[in-house]
Amino acid sequence: MSLNIDLVLKDMGFAIIDSVKDDVVDIKNYTETILKNNKESLKELAEAWIANEIPDLIFDAEVERERKVVETELLTIKLMKQAAAQQAANSAINIFMKAVKAAV
Amino acid sequence: MHTAKIKKVLFYLPLLLLILSGCTVRYVADYNAEIKDETLQIAKKVDLFWGTLIDTQKSKRKYHDFKDKYIEIETDIRILNVKNKIRAFNKTSTKQVNVLLELWLEDKKSHKNNNSFSGFIATRHRKQFLRLFTAIAKGEEEKNISSVAK
């Protein structure tokens, strides 16, 4: 059997698209959750500060803490992207391997 | 025409070498169900801690009464950190647990110094810890998904 490289590459492309399509939705949804949480947290904090319920020192410390929390949540987005890329690349390689083996 | 073929070969050469070497692409650590479960167990303990503290009258929120729980949870987080640190391709999750530990120690120090804890801040921190644990557990779960061939 011969190897039709153009067809294999096309299949690899489809495998990559198929592999990442769900991940794109998951990443979008989780990013929205992070932003929503962050907005609620900062709103609550700002309202307490404006109403003089918390001093400046606490306000500053809480803003800094919220920054750390959001950064940590965003690291999960990084992981999601890396995991999606890993899965897509390996799916494409599997297609190629199957095609090469079938051609031998 | 000839140049185009050479370019095509050069473009796919790294992929071909990867395949011939029998390797697969790896950006994240292997999934570890035990670590995910442990993360959720610690999340439960931390949430229970804040629930108890918030439910205690402010004048009675003395550091001494919460000291043992602070230390116990600190140890849990430290061990979780070590377990994450020793895994290959796991820098991102380790960074997340580092922040978790840092914020826990901040609360412990603040409670110790003030010998009291504001209800407003405790409620905020309770929610923040839940967000952190969710992020860490979700990150671990993603490694599971990436290991399943579609």
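Take the residue pairs A:Lys43/B:Lys127; B:Lys91/B:Lys143; A:Lys68/B:Lys108; A:Lys36/B:Lys85; B:Lys67/B:Lys109 and return only those whose Cα atoms are more than 20 Å apart. Please list the in-between numbers first.
Working: A:Lys43/B:Lys127 14 Å; B:Lys91/B:Lys143 13 Å; A:Lys68/B:Lys108 17 Å; A:Lys36/B:Lys85 30 Å; B:Lys67/B:Lys109 10 Å.
Correct reply: A:Lys36/B:Lys85.
Rounded to the nearest whole Hz, the Karplus-based 3J(HN,Hα) values (6.51 cos²θ - 1.76 cosθ + 1.60, θ = phi - 60°) of region B:54-61 follow the sequence 5, 7, 8, 4, 3, 5, 9, 7, with x at glycine and proline. Report the paramagnetic label zone for A:Val100: residues of region A:1-29 whose backbone N is under 15 Å from a point 7 Å from Cα along the Cα-to-Cβ axis. Zone members listed by number: A:3-6, A:8-9, A:12. Estimated from helical segments only, the mean residue ellipticity of the protein assembly as shown at 222 nm is -30000 deg cm²/dmol, where each DSSP H run of four or more residues counts as -39500 (n - 2.57). For chain A, the longest principal axis of the alpha carbon atoms and the long axis of helix A:5-50 meet at an angle near 0°.
Towards the positive end of the charge dipole of region B:50-150, with charges on Cβ (+1 Lys, Arg; -1 Asp, Glu), say which of B:Phe133, B:Ile145, B:Leu103 has the farthest Cα. About the Cα centre, the residue reaching furthest to the positive side is B:Leu103.
Can you pull the mean other chain C-beta count within 10 Å for peptide A:86-92?
Other-chain Cβ atoms within 10 Å of each residue's Cβ, averaged: 6.
Placing +1 on the Cβ of every Lys and Arg and -1 on the Cβ of every Asp and Glu, with nothing else charged, gives the protein assembly as shown a dipole about its Cα centre of roughly 680 debye. Peptide A:28-37 has a mean of 2 when you count, residue by residue, the C-beta atoms of other protein chains within 10 Å of its C-beta.
Between helix A:56-103 and chain A, what is the angle of the helix's C-alpha long axis to the longest principal axis, kept within 0 to 90° and rounded to the nearest 10? Rounded to the nearest ten degrees, it is 10. Between the residues A:Val20, A:Trp49, A:Ala89, the greatest Cα displacement towards the positive end of the dipole of chain A, with unit charges on the Cβ of Lys, Arg, Asp and Glu, is found for A:Ala89. Evaluating kT/(6 pi eta Rh) at 10 °C and 1.306 mPa s, with the Kirkwood radius of the protein assembly as shown over Cα pairs in the Stokes-Einstein relation, gives 75 µm² s⁻¹.
Values quoted throughout were computed directly from the atomic coordinates according to the rules given, and no laboratory measurement underlies them. Nothing here was measured: the structure is a model prediction, and the numbers come from that model. Because the Cβ atoms are built from the backbone with ideal geometry, glycine has one as well, and the counts that use them run over all protein chains shown.
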